[in-house]
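Structure first, commentary second.
The values are calculated or read from the model by the stated rules, or taken from the named source; none is laboratory data. On a predicted model such as this, the values are computed, not experimentally measured, just so you know. Ideal geometry is used to build each Cβ from the backbone, glycine not excepted, and the neighbour counts take in all protein chains shown. All accessible areas refer to the heavy atoms of the entire protein, side chains included, with ligands and DNA or RNA removed. Shrake-Rupley method; radii C 1.70, N 1.55, O 1.52, S 1.80 Å.
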Amino acid sequence: MRFRATIENVDTFHRIIQTVEKLQKKCIIKFGESEMHIICHTDESGVQVWSQIRVSALFTEYRIQSNSRNQIALLLGADALSAALRSAAAEHTGAEAVVMKLAKKRDVAVLSVEIFGASRMGRHIRVAHDVHIEIMKPADIDRLKEPLCPEPDIHILLPSLVKVRTIVEHLRALSDVIAVRANGVGKLQISAATDSAKTDVMWEGCTNPKMGAWRLAGAEDEDEQEKPDPEQLFGVLVQTRSFIKFLNAHIVSNTTIACICQNHCLILYVYIGEVADAGGVLTFYIPAVLDD
Amino acid sequence: MLEAVDDEEERIPPVLTSSLHDIRYFSSLLRGVNFANRATVTITASGFTVQVEEARTIIATAYIFADIFDEYTYSPPAPDPPSHSQSQPTSSPTPPPSSPSDAPTTALEIPLGTFIECLNIFGTANAGAGGAGKGGKRWRRPGEEDDGDGGADGRAARIQQFFTGGEKRTGMRMSYMGEGHPLTLLVAEDAAGPTAKCEVTTYEAEPMLDLPFDSDQTVLKIILKSSWLRDALSELDQSTDKLTFVGNPPVPGQARARTTAKPIFRIEAIGTYGSTEMDYPNDRDVLETVECPHPVNFSYRYSHISKALKALGSSAKTSLRIDEDGLLSLQFLMPSPKPRGGTSQAFVEFRCLPLDETI
């Protein structure tokens, strides 16, 4: 089992791991030949993250070799990896190259992040962070399954996550559960309702992306017929806390598509980089709170 | 369900509609009294008051005048609505039908914390509501020239105004249909941004604690710049238990002496870890007005006085009065972001009962 890569895009990688870190202590990183997956699926609130990132978006000189279809899956502490990447991303270290590799130190498997930099005086510095990992068995990896969701009722492009976060943090003071609703003509609504107040925050003119590529062409036509009223709002109730966990992803990107499966779940696709040239996508699944 | 009701009541004008293009000043006034969740709002034609009480000892009232709003319309509900067969004959609790000559008022109770949270939903109500030193005019002693006092503040405020001028403002529209209806708030940042509609539940107003201050029996009256009081109170340890205000009549010949035997105004604080005494000099730059016919000494619970710190912090001038029963009245003049003059300056008043020294 061999793995070695130069992290080209330290900032982006760091931001992704920071987002994951806020969600869950441990996460699974599955490296493949051309893609890496970051998976969080054991959070007690039911929020799951399944991300798919093109290797070329983050790494160069990427080499991977293993007995199971050249895949390697690791279970590691997101905070430890985040700390290593933070030091690599910090400007004052003047990192010239950051290399990540699989190693064994004192019979313990580690993911070693080596930072090669130079001090102000021009001396070469090498800093290495060893993140303890647990190599996962291929059988366990195969058992990991993305949550199954029905065909979403609505897709909508979210406004800037930073702004949404400010609003949701204020709603948190009002209620533990918020409703996220959207319709087919660009209307997005986030609401909180309690005995003392009922609050609806409304955005108009959001984009409803065509998600045709993800379906069969025929199925889409059928869908259009099924949904004669684009004005109809589809909604889902989610834990405010869970939603805020997702909103931490604002550091990764500004393009997010929300998919609402009415009364089932909220799926959020956070694109890494620009949509046109997305290096990957972080997918958040937030289960619905069933009310009444 | 609400829509159905709306249709029926379309002919009746809402009891209150008001709008603002910048909510920061309004929200800073409300935050000044935000220490208990239930607040009584009393609406009149010239503005409204928001009153909060705690422990039946302290009441705080924010006086918000109509002209801080861009639009303010109060239409008192008709005493006996003719088109309403199913509603109670007397819908508003405050105006007694026996005294029609009185200006009509409408009282309601709202969860104040929730209301402020809704107002600040975009996180834009926090920015400082300007420290315009213009506020002092009303309480300045007659005949005194507009000297340097407050001038620096005024300049700073003007500069601040200049910098915040291009910033996006959050506007709001507030309406109240009448008893049994929520207080509806529409908050929007700009035309392109999101809009928030909040319906804050209203409750029937309960009679509030009344602490009448007898201004004829004032035993101590001090007017000073708020920062002088704020700096003093912020020095105090949080464990402070009891706060005592001591006043002594100024000695006429000794106006400038700082070493008077008896301090003209002293704040004493006693807490778990010791006590603090702070004396104010008899200096017109510090204490603008001192009226104290005879020595006074009254104590208050610090936890009550500390409720006023937020309002104190955003105010320009403070009038501190104590009547002969020891009832403390603290009035904070809240500088409005625009120099408007007139009586439109909103203020926040705290009244607090003294500790009974005999027990």
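Of all residues in the stretch A:98-127, those being surrounded by fewer than 15 Cβ atoms within 10 Å (Cβ to Cβ) and in a strand (DSSP E or B) number 7. The number of residues in the stretch B:153-179 being open to solvent by 80 Å² or more (accessible area, probe 1.4 Å) and either in a strand (DSSP E or B) or modelled with pLDDT of 90 or more (or both) comes to 1.
Taking the listed residues A:Ala73, A:Ala80, A:Ala95, A:Ala90, the one that is at pLDDT 90 or above, closer than 19 Å to A:Ile115 by Cβ and not assigned by TED's automatic domain parsing to the domain that holds A:Asp176 is A:Ala80, with no other qualifying.
From A:His14, A:His37, which residue is touching a Phe, Trp or Tyr at 6+ places or on another chain (Cβ under 8 Å) and either part of a helix (DSSP H, G or I) or open to solvent by less than 70 Å² (accessible area, probe 1.4 Å) (or both)? A:His37 is the lone residue from the list that is touching a Phe, Trp or Tyr at 6+ places or on another chain (Cβ under 8 Å) and either part of a helix (DSSP H, G or I) or open to solvent by less than 70 Å² (accessible area, probe 1.4 Å) (or both).
So that you can scan it fast, the table gives a plain yes or no per residue for (1) at pLDDT 90 or above; (2) assigned to a helix (DSSP H, G or I); (3) in contact with a helix residue (DSSP H, G or I) (Cβ under 8 Å, 6 or more places away or on another chain):
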{"position": "B:Ala232", "(1), (2), (3)": "yes, yes, no"}
{"position": "B:Phe245", "(1), (2), (3)": "yes, no, no"}
{"position": "B:Pro249", "(1), (2), (3)": "no, no, no"}
{"position": "B:Arg256", "(1), (2), (3)": "no, no, no"}
{"position": "B:Lys262", "(1), (2), (3)": "no, no, no"}
{"position": "B:Ile267", "(1), (2), (3)": "yes, no, yes"}
{"position": "B:Asp285", "(1), (2), (3)": "no, no, no"}
{"position": "B:Asn297", "(1), (2), (3)": "yes, no, no"}
{"position": "B:Tyr300", "(1), (2), (3)": "yes, no, no"}
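Consider B:Leu233 carefully, then state whether it is under 23 Å from B:Ala66 (Cα atoms), touching a residue at least 12 places away in the same chain (Cβ under 8 Å) and open to solvent by less than 70 Å² (accessible area, probe 1.4 Å). The answer is no for B:Leu233. For the stretch B:30-63, a residue qualifies if it is assigned to a loop (DSSP other than H, G, I, E, B) and open to solvent by 10 Å² or more (accessible area, probe 1.4 Å), and the qualifying residues are B:Asn34, B:Phe35, B:Ala36, B:Asn37, B:Ala45, B:Ser46, B:Ala55, B:Arg56, B:Thr57. Of the candidates A:Ser45, A:Ser68, A:Ser51, A:Ser82, the single residue that is among the polar types (S, T, N, Q), in contact (Cβ under 8 Å) with a residue 40 or more places away in the chain, open to solvent by less than 40 Å² (accessible area, probe 1.4 Å) and within 30 Å of A:Met121 (Cβ to Cβ) is A:Ser82.
Scanning the stretch B:180-214 for residues that are farther than 24 Å from B:Tyr74 by Cβ, in a loop (DSSP other than H, G, I, E, B) and either more than 22 Å from the chain's Cα centre (by Cα) or facing another protein chain (nearest Cβ under 9 Å) (or both) yields a total of 6. Each residue in the stretch A:180-198 was checked for being more than 9 Å from chain B (Cβ to nearest Cβ) and more than 17 Å from B:Leu186 (Cβ to Cβ), and 7 pass.
Somewhere in the stretch B:209-220, is a residue charged (D, E, K, R) and under 30 Å from B:Val286 (Cβ atoms)?
Yes, because at least one residue in the stretch B:209-220 is charged (D, E, K, R) and under 30 Å from B:Val286 (Cβ atoms).
Residues in the stretch B:274-303 that are touching a Ser or Thr at 6+ places or on another chain (Cβ under 6 Å) and over 13 Å from B:Asp237 (Cα atoms): B:Ser299 only. Comparison of B:His21, B:His84 shows that the only residue that is under 30 Å from B:Glu189 (Cβ atoms), of a type outside the set (Lys, Arg), open to solvent by 20 Å² or more (accessible area, probe 1.4 Å) and modelled with pLDDT under 90 is B:His21. Only one of the listed residues (A:Val201, A:Val177, A:Val127) is away from every other protein chain (no Cβ under 14 Å) and over 24 Å from the mean Cα position of the chain (by Cα). That residue is A:Val127. If the condition is being in a helix (DSSP H, G or I), in contact with a His (Cβ under 7 Å, 6 or more places away or on another chain) and open to solvent by 30 Å² or more (accessible area, probe 1.4 Å), then the stretch A:133-181 contributes A:Val162, A:Arg165. Annotation note: Cβ proximity below 9 Å between a residue of the stretch B:171-184 that is under 10 Å from B:Glu199 (Cα atoms) and a residue that is part of a loop (DSSP other than H, G, I, E, B) and among the polar types (S, T, N, Q) (sequence gap 6+ or interchain) occurs for B:Tyr176/B:Thr202; B:His181/B:Thr202; B:Pro182/B:Thr201; B:Pro182/B:Thr202; B:Leu183/B:Thr201; B:Leu183/B:Thr202.
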